[in-house]
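S.K.: The structure that follows is given in the form of structure tokens.
The values are calculated or read from the model by the stated rules, or taken from the named source; none is laboratory data. Bear in mind that the values here come from a model prediction, so they are computed numbers and not experimental data. A quick note on method: Cβ atoms are made from the backbone with ideal geometry, for glycine too, and the neighbour counts reach across all protein chains shown. When the accessible area is computed, the model is the full protein with side chains, heavy atoms only, and any ligands, DNA or RNA have been set aside. Shrake-Rupley method; radii C 1.70, N 1.55, O 1.52, S 1.80 Å.
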Amino acid sequence: MPASDFSAQEYADRIHKTRSAMDQQGIETLLITDPSNMAWLTGYDGWSFYVPQMVILPASGSPLWWGRTQDKAGAAQTTWLDQMDLLDWPEEHVQHPDHHPVDALVLALRDRGWTSGIGVEMDNYYYSAASHRILERAFGALIDATGLVNWKRAVKSDAEIAMMRKAGQLTAHMHGVLRDAYREGLPKNQLVAEVQAAGIAGLPGLAGDYPAIVPIAPSGREASASHITWNDRPLARDEATYFEISGCYRRYHCPASRSLFLGDPPDDIRRAEAAVLTAIDDTMTAARPGITCEEVAACVYDSFARAGYVKANRTGYPIGLSYPPDWGERTMSLRPGDTTELQENMTFHLMPGLWTPDWGLAITESFVVTSDGGKPLADISREMVVKT
């Protein structure tokens, strides 16, 4: 994501919001390991999150990028930071049994006098127990800053919404390819290959990127599990298949699930489809600033209850800029008990999926909160696709 995708003022605003939250938690230096948060603050983009890397945000002055020497050139190309603000750790420390990259980080922090009030994203995919142990031994107790930056990302700028709408165009394109190619006897892996290729090839003037999650594509009884990917089994009659996929543009996502059926759908699946479609319509009407997450979720649970179904999991989460393994922002959830109030330009993936012991059905929608309710970020017909 080249830093030029956003204005200097937008990056300055993001840093100001983050520092305000740091001040409230008594954090003097924030160590940011989530690549989504790193990109949001600096523009950094690269497949380098398999080794230790961070954006270091002090209470004042420029943020610093810190990472592997081999990735420093990538930081120079993708961030708005000056070359002097790019720090690297020794290449020989890559997965070395006796040396750890964070040992070099400790020295860099000490050189700058940043030895107290250090915050870290403790509950994070990209922050290891070994990294935490080294930092704690060097500086004593650390402050848990899990989600600090994530929450600042919750309300999107107009520029971010534009990115997500472009991702939505790619998502719609992928679903179009899926519907055209879906047929009895086609091995699932071949169908997935066509869909993924479409998302990356993109559209004229709109190139795609790799999504944070690979296609979720279970069929028949497989679809009773919510996160099955794909296999080489041919598509068969009398089975429902749902595809959860997302276009990705400049690391911004717009996931959407749709269900397909070969043959004549049975009554229970049709009843579930009707409940899901009603739930989406009700949610789009309700999702206005000031309503709470649990009130939005009630639109789904109430629709399901009227149809005789019980949903035992959450029904949505915020989305935006992300890297593997997840396109969710890991803050709010659309579920009972979450009293967070929606604000204009928040973006969510509404997930009114149903999973029974014998089949699953998922029709989902990514939307932005507006004063007029939720507005879909992609234009894809919701009805189950039936091929006889």
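S.K.: Limited to the stretch 126-180, what total is found for residues that are in contact with a Pro (Cβ under 8 Å, 6 or more places away or on another chain), under 30 Å from SER7 (Cα atoms) and hydroxyl-bearing (Ser, Thr, Tyr)?
M.R.: Selection size over the stretch 126-180: 2.
S.K.: Further question on the same structure: If a residue must be of a type outside the set (Ser, Thr, Tyr) and touching a strand residue (DSSP E or B) at 6+ places or on another chain (Cβ under 8 Å), how many such residues does the stretch 301-329 contain? Can you show your working first?
M.R.: Residues of the stretch 301-329 that are of a type outside the set (Ser, Thr, Tyr), as a first pass: 302, 304-308, 310-314, 316, 318-321, 324-329.
Okay, now just the ones that are also touching a strand residue (DSSP E or B) at 6+ places or on another chain (Cβ under 8 Å), so 304, 311, 316, 318-321, 327-329.
Matching residues across the stretch 301-329 total 10.
S.K.: Could you tell me whether the stretch 33-51 includes any residue that is in contact (Cβ under 8 Å) with a residue 24 or more places away in the chain, part of a helix (DSSP H, G or I) and either farther than 18 Å from LEU321 by Cβ or touching a Cys at 6+ places or on another chain (Cβ under 7 Å) (or both)? It would help to see each step written out before you state the result.
M.R.: So in the stretch 33-51, the residues in contact (Cβ under 8 Å) with a residue 24 or more places away in the chain come out as 33-46, 48-49, 51.
In the following step, the residues that additionally are part of a helix (DSSP H, G or I) were identified as 35-42.
Checking which are either farther than 18 Å from LEU321 by Cβ or touching a Cys at 6+ places or on another chain (Cβ under 7 Å) (or both) leaves us with none.
No, the conditions are met nowhere in the stretch 33-51.
A quick yes/no check of all residues on (1) in contact with an Asp or Glu (Cβ under 6 Å, 6 or more places away or on another chain); (2) of a type in the set (Ser, Thr, Tyr); (3) modelled with pLDDT under 95:
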| residue | (1), (2), (3) |
| --- | --- |
| LEU105 | no, no, no |
| LEU109 | no, no, no |
| SER128 | no, yes, no |
| GLY140 | no, no, no |
| THR146 | yes, yes, no |
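S.K.: Of everything in the stretch 140-194, what is of a type in the set (Phe, Trp, Tyr) and open to solvent by 30 Å² or more (accessible area, probe 1.4 Å)? Give them in sequence order. Walk me through it before giving the result.
M.R.: First, pick out the residues of the stretch 140-194 that are of a type in the set (Phe, Trp, Tyr): 151, 182.
Selection gives TRP151 alone.
S.K.: Continuing with this model, one more query. Considering every residue within the stretch 316-326, establish whether at least one is small (Gly, Ala, Ser), within 14 Å of PHE304 (Cβ to Cβ) and in contact with a Phe, Trp or Tyr (Cβ under 6 Å, 6 or more places away or on another chain). Give the derivation first.
M.R.: Residues of the stretch 316-326 small (Gly, Ala, Ser): 316, 320, 322.
Checking the rest, the ones that are also within 14 Å of PHE304 (Cβ to Cβ) come to 316.
Then drop every residue that is not in contact with a Phe, Trp or Tyr (Cβ under 6 Å, 6 or more places away or on another chain), which leaves 316.
Yes.
S.K.: Out of the stretch 197-250, which residues are in a helix (DSSP H, G or I), surrounded by fewer than 19 Cβ atoms within 10 Å (Cβ to Cβ), in contact with a strand residue (DSSP E or B) (Cβ under 9 Å, 6 or more places away or on another chain) and of a type outside the set (D, E, K, R)?
M.R.: The answer is ILE200, GLY220, SER224.
S.K.: Which one of ALA39, ALA75, ALA59 is in contact with a Lys or Arg (Cβ under 7 Å, 6 or more places away or on another chain), aliphatic (A, V, I, L, M) and open to solvent by less than 10 Å² (accessible area, probe 1.4 Å)?
M.R.: Details: ALA75 fails: in contact with a Lys or Arg (Cβ under 7 Å, 6 or more places away or on another chain); ALA59 fails: open to solvent by less than 10 Å² (accessible area, probe 1.4 Å).
Result: ALA39 is the single residue among ALA39, ALA75, ALA59 that is in contact with a Lys or Arg (Cβ under 7 Å, 6 or more places away or on another chain), aliphatic (A, V, I, L, M) and open to solvent by less than 10 Å² (accessible area, probe 1.4 Å).
S.K.: Select from the stretch 337-363 the residues that are open to solvent by 10 Å² or more (accessible area, probe 1.4 Å) and among the hydroxyl-bearing types (Ser, Thr, Tyr) and list them in ascending order. If you could, list the steps in order and put the result at the bottom.
M.R.: Within the stretch 337-363, the first condition is being open to solvent by 10 Å² or more (accessible area, probe 1.4 Å), and the residues that meet it are 337-341, 343-345, 351, 355-359.
Once the filter is applied, which keeps residues that are open to solvent by 10 Å² or more (accessible area, probe 1.4 Å) and among the hydroxyl-bearing types (Ser, Thr, Tyr), the stretch 337-363 yields THR339, THR340, THR356.
S.K.: In the stretch 89-115, what residues are of a type in the set (Asp, Glu) and either in contact with a Gly (Cβ under 6 Å, 6 or more places away or on another chain) or assigned to a loop (DSSP other than H, G, I, E, B) (or both)?
M.R.: First, the residues of the stretch 89-115 that are of a type in the set (Asp, Glu): 91-92, 98, 103, 111.
Within the stretch 89-115, just ASP98 meets the criteria.
S.K.: Further question on the same structure: Which of the residues that make up the stretch 137-196 are within 19 Å of the chain's Cα centre (by Cα) and of a type in the set (Asp, Glu)?
M.R.: ASP158, GLU160
S.K.: While we're looking at this one, here's another question. Just for the stretch 333-364: of the residues that are assigned to a strand (DSSP E or B) and touching a Phe, Trp or Tyr at 6+ places or on another chain (Cβ under 9 Å), which one is farthest from ALA272 (Cα to Cα)?
M.R.: First pass over the stretch 333-364, keeping only residues assigned to a strand (DSSP E or B): 341, 346-350, 354-355, 360-361.
Then drop every residue that is not touching a Phe, Trp or Tyr at 6+ places or on another chain (Cβ under 9 Å), which leaves 347-350, 354, 360-361.
Details: THR347: 25, PHE348: 22, HIS349: 19, LEU350: 16, LEU354: 7, GLY360: 9, LEU361: 8 Å.
So the residue we want is THR347.
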